[in-house]
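Undergrad: To start, I am sharing the structure in question, which I have written as structure tokens.
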Amino acid sequence: MQVTAMDVYRLLPKSNCGKCNEASCMAFATKLIEKELTLDDCPQLSGDERQELEELLAPAVKEISFGPENRKVTIGGDQVLYRYELTYYNPTALVIDLPDDLPEDEFMGRAEDIQTLSFERTGETLTLDGIALRNKSGSPEKFAEAAERLGGMGYPLLLCSFNPEAMEAALRVVGDQRPIIYAATEENLDEMAELALKYECPLVLFAPGDLEGMKRLSWKLRSMGVADIILDPGTFTGEGIGDTIDNFVMIRRLAVEERDADFRFPILGVPALSRLSGEGDAVEENIREATVAATLMNRYADILILGGTEIWELMPILTLRQGLYTDPRKPQTVDPGVYEFGEVDEDSPVILTTNFSLTYYTVEGDLKSGDVTAYLLVLDTEGRAVDVSLAGGQLNGPAVADLIKDTGIEERVKNKVLIIPGLAAPASGEIEDDTGWQVLVGPRDSSGIPDFLEKLASE
């Protein structure tokens with residue numbers, strides 16, 4: 001059940017002292033719920049009340065961090081089943097499989113490609129999160145050598161071996177970088193638990209298709225003192241994907257709705273296993289893997305191990321993650337104001353758009369790709385797109401007039417002509433009346449702006 005501000009308020013001092021820089025204890029409670037403040041911000045909290053608040057505010061899914069301190073990745077921390085109820089925290093970590101038996105040049109080249117892969121979307125640089133070093137060779141020595149090479153890169157690692165001897169060999173060289181240990185099973189549970197405790201690393205519990213067994217083993221790990229557990233219920237692909245989804249959903253329901261202590265941990269999936277079917281060519285394998293990854297990400301996966309490194313495969317996965325882990329209560333925005341494209345002067349056109357980030361970055365991309373020289377006025381529409389802000393009343397004549405005045409654009413151009421989006425055409429008359437500028441209705445799609453300006457210049 002979701003914790004409310006009133007639940008928190010009941011345990012606060014209720015003194016409204018203001019030492020937390022909030023107007024009241026109720027305001028402080030709201031900020032705690034929103035994760036904008038912490039219990040440390042209230043100097044009056046101590047004893048049983050603080051402990052009870054810590055337990056109350058603890059997320060349904062435990063937050064677990066791995067990797068070196070300067071590149072730490074955090075997973076888990078979710079409190080709800082459905083994103084619209086609150087939001088999802090800590091985006092799904094995406095790590096790429098790297099076997100330890102590759103020739104050294106190929107091994108390091110692939111590791112470098114994983115670490116440097118990135119692309120930009122709506123002003124955010126999207127990257128991968130780590131490397132899953134797999135003990136394919138079966139040799140503890142080779143596994144340790146490969147781990148040492150990766151350790152020098154300072155990149156978050158997930159060490160994959162069911163052999164405790166190989167795992168300890170790798171941990172001797174990178175254990176201080178807090179890698180994830182993959183994985184403990186019924187057969188090696190005691191040995192892997194000892195390593196997790198010795199090196200203070202998160203431990204994956206692997207119990208494929210057996211949630212009852214997972215609960216029993218999770219309880220055993222917790223009773224041994226292992227606190228940072230990641231659950232892998234098995235990734236069954238092909239016809240088994242339905243069972244995989246059912247297991248993921250059941251684990252998360254048990255964590256959020258039942259608060260079952262044995263399941264309140266992040267979930268790991270392995271879409272890379274979809275490549276082992278032997279069906280289809282490399283392109284089909286990549287598509288199948290991306291589909292499985294997207295499916296599991298939508299069903300509560302907190303960390304995924306992938307096999308492919310093709311940018312066209314990873315782009316949709318990274319893009320889905322970006323959208324899934326935005327806060328649905330807070331539209332994504334850019335700062336309102338005036339932006340310059342190219343070498344602008346007093347004859348440069350002035351174009352209007354809204355501060356919804358997807359709208360802005362789409363317009364920005366089209367202006368840059370079209371080599372447009374122009375001023376772009378960005379109106380504060382509270383993060384709404386053109387058509388939505390028009391319907392909601394945020395895009396109107398007085399608002400645009402205030403924007404023109406606040407930005408001082410009137411003193412920077414000779415011709416008082418404003419080009420508005422085609423979808424804003426119904427407001428053109430009002431904008432013209434309130435601003436005193438001539439208003440031209442531009443294209444509905446910003447990709448048409450370069451041609452629109454070229455035609456305008458030739459008239």
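Undergrad: Among the candidates L157, L171, L126, which residue alone is open to solvent by less than 30 Å² (accessible area, probe 1.4 Å), within 19 Å of K72 (Cα to Cα) and in contact with a Ser or Thr (Cβ under 8 Å, 6 or more places away or on another chain)?
TA: Working: L157 fails: in contact with a Ser or Thr (Cβ under 8 Å, 6 or more places away or on another chain); L171 fails: in contact with a Ser or Thr (Cβ under 8 Å, 6 or more places away or on another chain).
Just one listed residue meets the conditions, L126.
Undergrad: Also: Name the single residue that is surrounded by the fewest Cβ atoms within 10 Å (Cβ to Cβ) among those in the stretch 84-121 being in a helix (DSSP H, G or I) and of a type in the set (S, T, N, Q).
TA: Residues of the stretch 84-121 in a helix (DSSP H, G or I): 84-85, 104-116.
Now restrict to residues that are of a type in the set (S, T, N, Q): 115-116.
Numbers: Q115: 19, T116: 9.
By that ranking, first place goes to T116.
Undergrad: Looking at the stretch 304-332, which of the residues that are assigned to a loop (DSSP other than H, G, I, E, B) and among the small types (G, A, S) is modelled with the highest pLDDT?
TA: G307
Undergrad: I've got another one for you. Could you please find all residues in the stretch 402-459 being open to solvent by 30 Å² or more (accessible area, probe 1.4 Å), of a type in the set (A, V, I, L, M) and over 22 Å from L358 (Cβ atoms)?
TA: V417, L440, L456, A457
Undergrad: Next up: Just one of (1) touching a residue at least 60 places away in the same chain (Cβ under 8 Å); (2) over 24 Å from L98 (Cβ atoms); (3) crowded, with 24+ Cβ neighbours inside 10 Å trips up R259, so point out which.
TA: R259 satisfies every listed condition except (3).
Undergrad: With the requirement that a residue be surrounded by fewer than 18 Cβ atoms within 10 Å (Cβ to Cβ) and either under 10 Å from R178 (Cβ atoms) or of a type outside the set (V, I, T) (or both), what does the stretch 58-76 give you? Outline the logic, then answer.
TA: Kept after step one, since they are surrounded by fewer than 18 Cβ atoms within 10 Å (Cβ to Cβ), are these residues of the stretch 58-76: 58, 63, 65, 69-72, 74.
Scanning the stretch 58-76 gives A58, E63, S65, E69, N70, R71, K72.
Undergrad: Same structure again: Say we look at the stretch 174-201 and pick out the residues that are assigned to a helix (DSSP H, G or I) and not hydrophobic (A, V, I, L, M, F, W, C); which of these is least open to solvent (accessible area, probe 1.4 Å)?
TA: Looking only at the stretch 174-201, we keep the residues that are assigned to a helix (DSSP H, G or I), and these are 174-177, 189-199.
From what is left, the residues that are not hydrophobic (A, V, I, L, M, F, W, C) are 175-177, 190-191, 194, 198-199.
Values: G175: 6, D176: 136, Q177: 37, D190: 70, E191: 86, E194: 122, K198: 129, Y199: 49 Å².
Checked the stretch 174-201; the qualifying residue least open to solvent (accessible area, probe 1.4 Å) is G175.
Undergrad: Which condition from (1) closer than 30 Å to A255 by Cα; (2) modelled with pLDDT of 95 or more; (3) among the hydroxyl-bearing types (S, T, Y) is the one that S139 breaks?
TA: Condition (1) is where S139 drops out.
Undergrad: Which count do you get for residues in the stretch 168-190 that are of a type in the set (A, V, I, L, M) and touching a Cys at 6+ places or on another chain (Cβ under 9 Å)?
TA: Here is the first cut: in the stretch 168-190, the ones of a type in the set (A, V, I, L, M) are 169-171, 173-174, 180-181, 183-184, 189.
From the residues that got through so far, the ones that are touching a Cys at 6+ places or on another chain (Cβ under 9 Å) too are 171, 180-181, 183.
Qualifying residue count for the region: 4.
Undergrad: Ok, one more. Restricting the first residue to the stretch 316-334 and requiring it to be under 24 Å from L376 (Cβ atoms) and open to solvent by 30 Å² or more (accessible area, probe 1.4 Å), which pairs with a second residue that is in a helix (DSSP H, G or I) and among the polar types (S, T, N, Q) meet a Cβ separation below 7 Å and a spacing of at least six or different chains?
TA: Filtered contacts from the stretch 316-334: Q332/S357; T333/S357.
The values are calculated or read from the model by the stated rules, or taken from the named source; none is laboratory data. The model shown is predicted, which means the values in this text are computed figures rather than measured ones. Here Cβ is always computed from backbone atoms with ideal geometry, including for glycine, and neighbour counts include all displayed protein chains. Side chains included, ligands, DNA and RNA excluded: accessible areas come from the protein's heavy atoms. Shrake-Rupley method; radii C 1.70, N 1.55, O 1.52, S 1.80 Å.
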